[in-house]
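The structure appears below as structure tokens.
The values are calculated or read from the model by the stated rules, or taken from the named source; none is laboratory data. Quick caveat, the model's predicted, so the values are computed rather than measured. Heads up, the Cβs are rebuilt from the backbone with ideal geometry, glycines too, and the neighbour counts pull from every protein chain shown. Only protein heavy atoms, including side chains, enter the accessible area calculation; ligands, DNA and RNA are left aside. Shrake-Rupley method; radii C 1.70, N 1.55, O 1.52, S 1.80 Å.
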Amino acid sequence: MKTDTNIARAIAQGLNLSEELATKLERLICVENWPIMDVLKSLGIMDEDRVLPIISDYFGIPLLKSNEFPEKPIFFEDISVDFLRRHAILPLQGENSDIIIIFNDPWNLSAVNALETYLSGSKITYYLGHSDEIRTAIDRLYGSPESEEKETASQVIDFYEDDLERLKGLAQEAPVVRLVNVLITRALDMRASDIHFEPTEKSFIVRCRVDGILYELDSPPKSMQPAIISRLKLMANMDIAERRLPQDGRIKLRFGHRDVDIRVSTAPTIYGESVVLRLLSQEAVEYELDKLGMSEEHLSAIKELIEKPFGMILVTGPTGSGKTTTLYAILKRLNKTTKKIITVEDPVEYQIDGINQIQVKPQINLTFANALRSLVRQDPDILLIGEIRDHETADIAIESALTGHLVFSTLHTNDAPGAITRLRDLGIESFLIADSVLAVMAQRLVRVLCDNCKEPYRATEADMAVLNEWVTNVDTNPIIYKHRGCKQCGHTGYKGRQGIFELFTIQDHIRSAIVAGKDASHLAQLAYSSGYRPLIYHGCQKVLEGITTISEVLRVTSIF
């Protein structure tokens, strides 16, 4: 397709624009790369009947009338109806590798580039059409958004309530199958960890979580909600007739060269079932301690601690803070033929060769506690307990640590010293905690600045107030970085995540304080003299190193 920037002059001459309007039009089209139709609307020129023949002649693209538009809808695997409607694009033919597209603006570069990316490998022929005629045809062929909004969730679901066979059939039709596959593929390409399918009264929202932040994808029509949810439930071997209770399932798929394990969770809401997919792509996880973002001090201390013959090491933090990845990295380092390692997890997220991994199954009474009772008779050297949730599990974990096993587990606490209080709350005696726990590591994940677009600047007074509070010997107004956004990072300014950590090691004077029943804040003050620093300290170090931003560190540490 011809893309000579002289198009602006051709349009200006064809429309007999004034010199002022012609200059503005040329700047917006040629310098700022605005779509032609957006530029003309901003100049108050709304008559496409005059503009389209000029564009058609300049680019050599034939102009079609509405009576030449298709009679049947054509679906492409990677292109949503919302995308077509938004950019006034209508497929005319989609057979084999020859594709015909009717569009309204050849200078809508983002839409054209997206089309050619999604349809790579195909020969694309373009035709021009009037935007109103194209959108009318889209509404006729694919359904109008106004008609979709009139259909509430209860009406849609009730329609299929007594017709499960029809719903099952719809869930297996090609358009639904393709759409679900496209959404999963897109999320994987965006490096997403989760996909959320969320029904509301008038829409069906699809969002994915990238680097801990949710972003909205093109939402399918509300009318497709039952079929899409049923498709996901069928893939996960769930009961599509059960909509009143939450369900859990698992999907194993191969997309291209990627093996993806997907955990599926459904929950009933007032507007239908909400579905969350947890994407576990093996290639996306780094099981190397050196690559998690630990400081040299933390890394050296952890490497020394995990070589202890017995005791318990806890990793704390909220859901999604990278605790499992840290523990798997530790196990990978310890995984030798001379060690027997057994894990009890809920669920087993990744399989590791050479390690005995057990999946908790509460429905058959295979709980953490019941599994652990048997496992200590399996002669393990190292035990990983997915999470300590109750007194019984905590008691067996402590007992195992005291009887010659190295035990790893997780707790949900805000900081590392808080793990001691949590164990007490679970009914564990202070002297047992002091004798068994070697260390507690708390962690969070911060987004890493995109190397391609991050911008340096002098730290402001507000920045210095935060840095000076938590880090000593900071230079006056150091150079730090802020996020901007570019194509490489999806215009977020961040690409990937790293951990920030705090390590609370149980030394003799801290052990005495635990036995004496001291609270978490008192324990943290004692540990400070031995090198313990809170999460925000490590986060501020990463800010000074140009890895992340102050706002990101404050977001995950919840200091302010």
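I'm trying to understand the selection: among the residues of the stretch 312-328, which are of a type in the set (S, T, N, Q) and open to solvent by less than 10 Å² (accessible area, probe 1.4 Å)?
Selection gives THR316, SER321, THR326.
Residues checked against (1) at pLDDT 95 or above; (2) farther than 15 Å from ALA442 by Cβ; (3) aromatic (Phe, Trp, Tyr):
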residue	(1), (2), (3)
TYR494	no, yes, yes
ILE500	yes, no, no
GLN507	no, yes, no
LYS518	no, yes, no
GLN525	no, yes, no
SER529	no, yes, no
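So, LEU402, is that one open to solvent by 60 Å² or more (accessible area, probe 1.4 Å) and either in contact with a helix residue (DSSP H, G or I) (Cβ under 7 Å, 6 or more places away or on another chain) or modelled with pLDDT of 95 or more (or both) or not? If you could, list the steps in order and put the result at the bottom.
Numbers: open to solvent by 60 Å² or more (accessible area, probe 1.4 Å): yes; either in contact with a helix residue (DSSP H, G or I) (Cβ under 7 Å, 6 or more places away or on another chain) or modelled with pLDDT of 95 or more (or both): yes.
So LEU402 fits the description; yes.
Does any residue of the stretch 466-487 turn out to be open to solvent by less than 80 Å² (accessible area, probe 1.4 Å), modelled with pLDDT of 95 or more and touching a His at 6+ places or on another chain (Cβ under 8 Å)?
The answer is no; no qualifying residue exists.
Test THR549 against the stated conditions and say whether it is in contact (Cβ under 8 Å) with a residue 40 or more places away in the chain and either under 21 Å from THR325 (Cα atoms) or out of contact with any Lys or Arg (no Cβ under 8 Å at 6 or more places or on another chain) (or both). Write out each step before concluding.
Working: in contact (Cβ under 8 Å) with a residue 40 or more places away in the chain: yes; either under 21 Å from THR325 (Cα atoms) or out of contact with any Lys or Arg (no Cβ under 8 Å at 6 or more places or on another chain) (or both): no.
Answer is no for this residue.
Go through the stretch 329-344 and report how many residues are buried (at least 20 other Cβ atoms within 10 Å of the Cβ) and either in contact with a Phe, Trp or Tyr (Cβ under 9 Å, 6 or more places away or on another chain) or assigned to a loop (DSSP other than H, G, I, E, B) (or both).
Summing the residues that are buried (at least 20 other Cβ atoms within 10 Å of the Cβ) and either in contact with a Phe, Trp or Tyr (Cβ under 9 Å, 6 or more places away or on another chain) or assigned to a loop (DSSP other than H, G, I, E, B) (or both) in the stretch 329-344 gives 5.
For the stretch 76-99, what are the residues that are of a type in the set (A, V, I, L, M, F, W, C) and either part of a strand (DSSP E or B) or modelled with pLDDT under 75 (or both)?
PHE76, ILE79, ILE89, LEU90, LEU92, ILE99
Among the residues of the stretch 345-357 satisfying the criterion of being modelled with pLDDT of 85 or more and surrounded by 15 or more Cβ atoms within 10 Å (Cβ to Cβ), which is farthest from the chain's Cα centre (by Cα)?
Ranking the qualifying residues of the stretch 345-357, first place goes to ILE355.
Within the stretch 358-390, count every residue that is in a strand (DSSP E or B) and open to solvent by less than 10 Å² (accessible area, probe 1.4 Å).
Looking only at that region, the number is 4.
Would you mention how many residues in the stretch 287-317 are more than 13 Å from PHE501 (Cα to Cα) and assigned to a loop (DSSP other than H, G, I, E, B)?
Number satisfying all stated conditions: 7.
From the residues in the stretch 269-293 that are open to solvent by 20 Å² or more (accessible area, probe 1.4 Å) and modelled with pLDDT of 95 or more, which one is nearest to ILE341 (Cα to Cα)?
Only one residue tops the list, namely VAL276.
Which one of LEU544, LEU526, LEU535 is within 23 Å of ILE306 (Cβ to Cβ) and either out of contact with any Cys (no Cβ under 6 Å at 6 or more places or on another chain) or buried (at least 19 other Cβ atoms within 10 Å of the Cβ) (or both)?
LEU535
Among the numbered conditions (1) within 27 Å of ALA439 (Cβ to Cβ); (2) assigned to a loop (DSSP other than H, G, I, E, B), tell me where GLY546 comes up short.
(1)
Only one residue in GLY44, GLY60 is modelled with pLDDT of 85 or more, at positive phi and among the small types (Gly, Ala, Ser). Which one?
Just a single option satisfies the conditions, and that option is GLY60.
Residue-by-condition table, conditions (1) without any contact (Cβ under 8 Å) to a residue 40 or more places away in the chain; (2) within 15 Å of the chain's Cα centre (by Cα); (3) in a strand (DSSP E or B); (4) within 29 Å of LEU119 (Cβ to Cβ):
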residue: LEU183; (1), (2), (3), (4): yes, yes, no, yes
residue: ILE229; (1), (2), (3), (4): no, no, no, yes
residue: VAL264; (1), (2), (3), (4): yes, yes, yes, no
residue: PRO268; (1), (2), (3), (4): yes, no, yes, no
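I'd like the full set of residues that are of a type in the set (A, V, I, L, M, F, W, C), crowded, with 19+ Cβ neighbours inside 10 Å and assigned to a strand (DSSP E or B), limited to the stretch 187-222.
The answer is ALA192, ILE195, PHE197, PHE204, VAL206, CYS208, VAL210.
So the check is Cβ under 7 Å with 6+ separation or different chains; which pairs have a first residue in the stretch 443-470 that's charged (D, E, K, R) and a second one that's part of a helix (DSSP H, G or I)?
ARG444/LEU535; ARG444/VAL556; ARG444/THR557; ARG447/GLU552; ASP463/ILE550
Among what's in the stretch 15-71 and is assigned to a helix (DSSP H, G or I) and among the hydroxyl-bearing types (Ser, Thr, Tyr), pick the residue that is nearest to THR136 (Cα to Cα).
Among those that are assigned to a helix (DSSP H, G or I) and among the hydroxyl-bearing types (Ser, Thr, Tyr), it is SER66.
Of everything in the stretch 112-127, what is modelled with pLDDT of 80 or more, surrounded by fewer than 21 Cβ atoms within 10 Å (Cβ to Cβ) and not basic (Lys, Arg)? Give them in sequence order.
ILE124, THR125, TYR126, TYR127
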